[in-house]
Amino acid sequence: MEHPLESQYGLSARELLDAVGKRFRLKVALEGAVAEVQMEKKIQSLVGRIVERYEAHDLDGHPDFSIWLPKAKKPLLAECKNVRDHEEAYREGGQDRRLQGRNSEDPRLQGRFDKPLLRNWPV
């Protein structure tokens with residue numbers, strides 16, 4: 001059975017995947033989508049045990065997931081990031097915190113955000 005994208009673009013699945021594999025930016029975008037799908041699968045596996053419920057979001061400037069723990073009034077907000085090394089993880093984490101106005105210049109947050117948010121998992 002043909003996938004809707006094959007019909008839409010007039011290419012086979014193999015041709016579409018070959019096109020992605022040959023284009024760096026498109027491949028990076030795909031890596032992000034794959035990471036989000038994998039993260040959602042992991043979160044879904046925790047529903048009913050550790051996680052009460054969650055919502056996935058595909059909106060610019062909004063975290064990828066809202067995750068409610070049992071008895072929590074507000075959700076945890078989770079952002080999925082692909083990083084290639086420790087330094088990139090540190091830069092990405094710091095950049096996100098600055099954009100949200102939560103940098104280490106705020107005396108209430110001194111020392112809380114001095115380490116990267118992410119581990120270095122190879123893509």
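The values are calculated or read from the model by the stated rules, or taken from the named source; none is laboratory data. Keep in mind it's a predicted model, so treat the numbers as computed, not measured. Cβ coordinates were reconstructed from backbone atoms using ideal geometry, including for glycine residues, and neighbour counts include every protein chain displayed.
A compact table of results
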item: Near pairs, Cβ below 8 angstrom, 6+ apart or cross-chain, from the range 25-41 (β-branched (Val, Ile, Thr)) to any residue that is surrounded by 15 or more Cβ atoms within 10 Å (Cβ to Cβ); result: Val28/Asn82
item: Failed condition for Phe113, given (1) loosely packed, with under 12 Cβ neighbours inside 10 Å; (2) among the aromatic types (Phe, Trp, Tyr); (3) modelled with pLDDT under 55; result: (1)
